[in-house]
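J.: The structure that follows is given in the form of C-alpha cells.
Just so it is clear, none of the values below were taken in a lab; they were calculated from the coordinates. In this text, all values refer to a predicted model and were calculated from it rather than measured experimentally. Because the Cβ atoms are built from the backbone with ideal geometry, glycine has one as well, and the counts that use them run over all protein chains shown.
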Amino acid sequence: MLLRRMILYMKGDEYGNIDYESTKLLVFEGYSVFRLRDELASLLEEEHSVRITMCVWAGSHGRLTPLVVDLPRNNQTMEVVVFESWSGGENTVCHCSYACRHSISLVLNFL
C-alpha cells in the first residue's frame, strides 16, 4: 500500500525569490521523485517535466536543496519549491556544490 502525503508546492523565479502566495496543495501517493516531478509539471502546465527543478529545505533551518532522490517512506507533509530550469533561479537559491549540480544534470540527461 502506498502512503499518501500532502505536498505544499510554490514557485520560485529566476532571481531566487519564492512566491509564497502561489502555494498550492497536492495530495501525492507514493515515493517516486520522478512521478512527483511529472505531477507538478502537469499542474504547473509545463510541457516537459525535466524543465523543472524541485527543491526542499534540508532541516528546519536548512538551505534549499534539489530534490533528486525518492521521498521518505513516511506521510509527513513536504514543502517543495519549483523552479523552471530555464530560469536560473534554482542555481541562485539551491546553493549546491558543483558535484550536486553535476548529479542533477546526469539525472536529467538520463531521462
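J.: At a threshold of 8 angstrom on Cα-Cα distance, excluding pairs fewer than six apart, so keeping six or more, what relative contact order does region 1-82 reach in percent? Write out the running numbers ahead of the final one.
T.: Values: 135 pairs, mean separation 31.7, N = 82.
Once normalised by length, the contact order is 39 percent.
J.: I would also like to ask the following. Find how much the distance from Asn17 to His61 grows on full extension, using 0.36 nm per residue of separation minus their present alpha carbon separation; answer in nm with one decimal.
T.: Details: separation 44, 0.36 × 44 = 15.84 nm, distance 1.71 nm.
Here the segment from Asn17 to His61 would lengthen by 14.1 nm.
J.: Once phi is turned into θ = phi - 60°, what whole-Hz ³J(HN,Hα) does the Karplus curve with 6.51, -1.76 and 1.60 give for every residue of region 16-29, x standing for Gly and Pro?
T.: Listing the rounded values in order: x, 6, 10, 8, 5, 5, 8, 4, 10, 10, 10, 8, 10, 10 Hz.
J.: Amide H of Asp70 versus every other amide H placed in the peptide plane: which residues, excluding those fewer than 5 positions away on the same chain, fall under 5 Å?
T.: Amide H neighbours of Asp70: Val33.
J.: Relative to a virtual label point 7 Å from the Cα of Met6 in the Cα→beta-carbon direction, which members of region 52-76 show backbone nitrogen distances below 19 Å?
T.: The answer is 56-57, 60, 72-76, whose backbone nitrogens lie closer than 19 Å to the label point.
J.: For region 43-74, which trypsin sites (Lys or Arg not before Pro) pass both filters: DSSP loop (anything but H, G, I, E, B) and at most 13 other C-beta atoms within 10 Å?
T.: Arg63, Arg73
J.: Work out how much length Arg51 to Val69 would gain on full extension: take 0.36 nm times their residue separation and subtract the Cα-Cα distance, in nm to one decimal.
T.: Numbers: separation 18, 0.36 × 18 = 6.48 nm, distance 1.69 nm.
So the chain would gain 4.8 nm between Arg51 and Val69.
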